Amino acid sequence: LKESVKHDDFSLLMDEWMGPMLWYDKEKAITFTDNHDTAGNHHFEISDVFGTANQIAAGYAMILSHPSRPCIFWQDWMGENRDVIQQLLQIRQKAGISPQSEWKLVYGQRGLYAAFIGDKLAMKMGADDWDPNEGLP
């Protein structure tokens, strides 16, 4: 997910083996953007932070809009993305998204990720345009 957001290339998420666990076990998938091992100041050299504030927000848009068991990194919750994360949590709750929710991928390519999650939510990421009403009767 981090590389997809960073490079605006969502084809990286399409691999059923190397892509997200959502492909093969959404009910047990634990999703997160960062954790105490990948972010922050350490006494050893590990720095694999998810990205900029906008990239982190995009990561939360993905994990909080899809079926899984999302985790919010304390540092993000206490940081500049707190309001964004709260809004995304409200959207998740209002749409009734849970680990059991159905989802349908529409596009996963360079410049565009688009999916329907449950029967109430359409999600789009990337620079390219997408109309979720396209092709509906």
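The values are calculated or read from the model by the stated rules, or taken from the named source; none is laboratory data. All of these numbers come straight from a predicted model, not from anything done at the bench. Neighbour counts are summed over all protein chains in view; Cβ atoms, including those assigned to glycine, are modelled from backbone coordinates with ideal geometry. Only protein heavy atoms, including side chains, enter the accessible area calculation; ligands, DNA and RNA are left aside. Shrake-Rupley method; radii C 1.70, N 1.55, O 1.52, S 1.80 Å.
What the table below lists for this structure:
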{"quantity": "Members of the range 47-69 found to be at pLDDT 90 or above and either open to solvent by 40 Å² or more (accessible area, probe 1.4 Å) or more than 20 Å from residue 124 (Cα to Cα) (or both), listed by number", "calculated": "54, 55"}
{"quantity": "Matching residues, the range 87-103, being free of Cβ contacts under 8 Å to residues at least 24 places away in the same chain and either surrounded by 12 or more Cβ atoms within 10 Å (Cβ to Cβ) or in a loop (DSSP other than H, G, I, E, B) (or both)", "calculated": "87"}
{"quantity": "Lone unmet requirement of (1) farther than 25 Å from residue 8 by Cα; (2) at pLDDT 95 or above for residue 99", "calculated": "(2)"}
{"quantity": "Failed item in (1) farther than 23 Å from residue 12 by Cβ; (2) of a type outside the set (Phe, Trp, Tyr); (3) crowded, with 16+ Cβ neighbours inside 10 Å; (4) over 12 Å from the mean Cα position of the chain (by Cα), with residue 106 passing the rest", "calculated": "(1)"}
{"quantity": "Residue ID - most open to solvent (accessible area, probe 1.4 Å), chosen from residues in the range 110-127 that are within 18 Å of residue 2 (Cα to Cα) and in a loop (DSSP other than H, G, I, E, B)", "calculated": "127"}
{"quantity": "Given (1) more than 16 Å from the chain's Cα centre (by Cα); (2) surrounded by 15 or more Cβ atoms within 10 Å (Cβ to Cβ); (3) part of a helix (DSSP H, G or I), number of the condition residue 130 does not satisfy", "calculated": "(3)"}
